[in-house]
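Let me begin by presenting the structure, written as structure tokens, before commenting on it.
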Amino acid sequence: MSGIFHVISGLNDGGAEAVLYRLCSSDKAAEHYVISLMDEGKYGALLREAGVQVSCLSMPRGRVTLGGLWRLWRLLRQIRPQAVQTWMYHADLVGGVIARLAGVKQVFWGIHHTTLHAGQSRRSTIWVARLCARISSCLPSAIICCAQKALEAHRELGYAAEKLRVIPNGYDLVRFRVDEDARVRLRTEWNTGSRWLIGMVGRFDPLKDHKNLLDALAIVKYRGVDFCCVLAGRGLDQNNAQLMAWLTELDLAGEVKLLGQRMDIPDVMNALDVHVLSSSSEAFPNVVAEAMACGTPVVTTNVGDAALIVGETGWVVPARNPGMLADALLQAYVAMHDEAAWQVRCTAVRQRVEDHFSLERMVENYHLVWQNKL
């Protein structure tokens with residue numbers, strides 16, 4: 001297969017953007033072109049380094065411009081791809097409609113949300129998703145969901161059920177691997193000593209629910225456990241006034257380290273004893289599988305397909321419940337004291353990702369959908 005044209009809202013740091021990068025950079029069976037409706041963000045340069053052509057339409061966030069639509073139509077007419085794959089709601093709508101107007105017969109949508117929450121999700125996003133549901137029976141050839149829970153939620157929203165497919169995210173198991181040297185190096189850099197080291201990777205966003213995590217950590221501290229927690233991601237630094245206020249209010253300034261956005265996520269995952277995800281909503285949380293690929297067990301809220309990823313290897317608790325999240329963290333802390341059993345668990349978490357969420361399997365499944373075989 002050749003000539004896959006991708007349209008995505010933007011290329012900043014995010015789960016869907018990371019999956020797009022992994023797909024395009026590892027797939028040697030097709031030639032990929034990536035169009036960002038906005039700017040090139042984090043992944044534009046990385047995609048170019050991988051040999052993928054990237055163009056940016058420079059539309060303002062949340063706005064569509066006639067100039068941008070015209071450029072997209074011209075690019076599609078010039079390249080004449082075999083198929084167009086869109087990513088996330090705005091790109092599904094804009095990219096899908098313009099692709100059809102440009103004469104592309106094979107259009108595939110991509111869904112990377114599970115649920116949309118009023119007050120947390122943008123009103124424009126909710127509106128676009130509902131509009132996409134109305135036209136889903138006639139515009140896309142198929143609709144690829146990154147999680148089973150996402151499929152179920154969008155079927156309920158009114159998306160054409162017969163067109164919905166699930167392709168779980170896949171991971172580069174060479175990049176995300178057990179690395180003892182990285183573990184020792186970062187723990188030394190952070191001066192954590194023998195303290196129990198937990199952490200969460202994920203941008204500061206209402207849906208990541210960092211307040212839920214901090215409330216749980218306050219309970220863990222009250223129970224007398226000596227720990228350090230690192231938080232990595234965009235907005236997780238001392239310039240975040242809300243976050244700093246929470247740390248002061250909960251007396252956690254001595255336990256929580258703010259790392260900000262990092263480019264060495266595999267190393268961070270290796271350094272942790274346990275990775276925690278405190279989100280109130282996810283589709284297919286990449287950080288859960290990435291931590292597991294590095295041999296790091298996970299405590300997670302029951303959001304999206306997190307429980308499916310973890311299986312029997314970790315701890316799953318309800319969202320928005322800091323008491324239960326704290327209990328699960330304490331269970332993990334106790335489990336670590338049986339070193340032999342803990343090593344068996346660490347081996348099992350890596351094996352689960354190898355068995356179910358490899359990058360090769362994901363790429364193969366995308367090709368099957370693009371060829372109308374899945």
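Values quoted throughout were computed directly from the atomic coordinates according to the rules given, and no laboratory measurement underlies them. These numbers come from a predicted model, not from an experiment. As a convention, Cβ positions derive from the backbone with ideal geometry for all residues, glycine included, and neighbour counts pool all protein chains shown.
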Considering Cα pairs under 8 angstrom that are at least six residues apart, work out the relative contact order of region 19-102 and quote it in whole percent. 23
Taking the Cα centre of region 224-366 as origin, sum charge times position over the Cβ atoms of Lys and Arg (+1) and Asp and Glu (-1), and report the length of that vector in debye to the nearest 20. 220
Under 5 Å between amide hydrogens, which residues at least 5 positions from GLY304 or on another chain qualify, with H placed 1.01 Å from N in the peptide plane? GLU282
Among 352-359, 86-93, the order from most to least packed when residues are scored by Cβ within 10 Å on average: 86-93, 352-359
So what are the ³J(HN,Hα) numbers for region 157-171, from phi and the Karplus equation (6.51, -1.76, 1.60; θ = phi - 60°), rounded to whole Hz, Gly and Pro as x? 6, x, 5, 4, 4, 6, 9, 7, 10, 10, 10, x, 4, x, 10
Tell me, what HN-Hα J-couplings in whole Hz come from the Karplus equation 6.51 cos²θ - 1.76 cosθ + 1.60 at θ = phi - 60° for each residue of region 306-313, using x for Gly and Pro? 4, 5, 5, 5, 5, x, 9, 8
Value of [θ]222 nm, deg cm²/dmol, for the chain, DSSP H segments ≥ 4, -39500 (n - 2.57) each, nearest 500: -13500 deg cm²/dmol
Measuring from the longest principal axis of the C-alpha atoms of the chain, the long axis of helix 123-135 (C-alpha) lies at a number of degrees, nearest 10, equal to 50
Sequence gap at least 6, Cα distance under 8 Å: using those rules, report the relative contact order of region 293-374 to the nearest whole percent. 33
Over region 101-204, what is the mean sequence separation of C-alpha contacts under 8 Å (at least six apart), divided by residue count, expressed as relative contact order in percent? 26
For helix 89-101, report the angle its Cα long axis makes with the longest principal axis of the Cα atoms of the chain; keep it between 0 and 90° and round to the nearest 10°. 20
Measuring from its Cα centre, region 236-319 shows a charge dipole (+1 at each Lys and Arg Cβ, -1 at each Asp and Glu Cβ) which, in debye to the nearest 20, is 60
For the pairs LYS149/LYS221; LYS42/LYS257; LYS42/LYS149; LYS105/LYS208, note any where the Cα-Cα span goes beyond 30 Å. LYS149/LYS221; LYS105/LYS208
So which aspartates and glutamates pass the test for LYS211, namely a Cα distance under 18 Å, with those fewer than 8 places away in the same chain ruled out? ASP237, GLU249, ASP251, GLU255, GLU282, ASP327
For Kirkwood radius over Cα pairs in Å the list reads (1) 21.9; (2) 21.4; (3) 23.2; the calculated value is entry (2)
In a Debye calculation with equal point scatterers on the alpha-carbon sites of region 232-300 and no solvent, what is log10 I(q)/I(0) at q = 0.16, 0.25 Å⁻¹? -0.65, -1.22
Length gain on complete extension for the stretch ARG134 to ASP205, per 0.36 nm per residue less the alpha carbon to alpha carbon distance? 22.7 nm
With θ taken as phi - 60° and the coefficients 6.51, -1.76 and 1.60, list the Karplus ³J(HN,Hα) couplings across region 282-291 in order, rounded to whole Hz; mark glycine and proline as x. 8, 9, 10, x, 4, 5, 5, 5, 5, 4
What three numbers, in Å, describe the spread of the alpha carbons of region 158-234 along their principal axes, ordered from the longest? 54, 34, 22
Answer with one residue from SER358, ASN372, PHE176: the one whose Cα lies farthest towards the positive end of the charge dipole of the chain, charges on Cβ with Lys, Arg +1 and Asp, Glu -1. ASN372
Report the local net charge at VAL225: Lys and Arg +1, Asp and Glu -1, summed over other residues whose C-beta lies under 13 Å from its C-beta. -1
Nearest 20 debye, what's the magnitude of the dipole of region 56-167 about its Cα centre given +1 on Lys and Arg Cβ and -1 on Asp and Glu Cβ? 380
Can you give the local net charge around SER136? Use residues other than it whose beta-carbon is closer than 12 angstrom to its beta-carbon, Lys and Arg +1, Asp and Glu -1. +2
In degrees rounded to 10, the 0-90 angle between helix 210-222 Cα long axis and the longest Cα principal axis of the chain is 10
For a quick check: with amide H placed at 1.01 Å from N, whose amide H comes under 5 Å from CYS228's, ignoring anything fewer than 5 positions away on the same chain? TRP196, LEU197, ILE198
Sequence neighbours fewer than 8 away in the same chain don't count; with that in mind, list the aspartates and glutamates whose C-alpha is under 20 Å from LYS28. GLU17, GLU49, ASP172, GLU360, GLU364
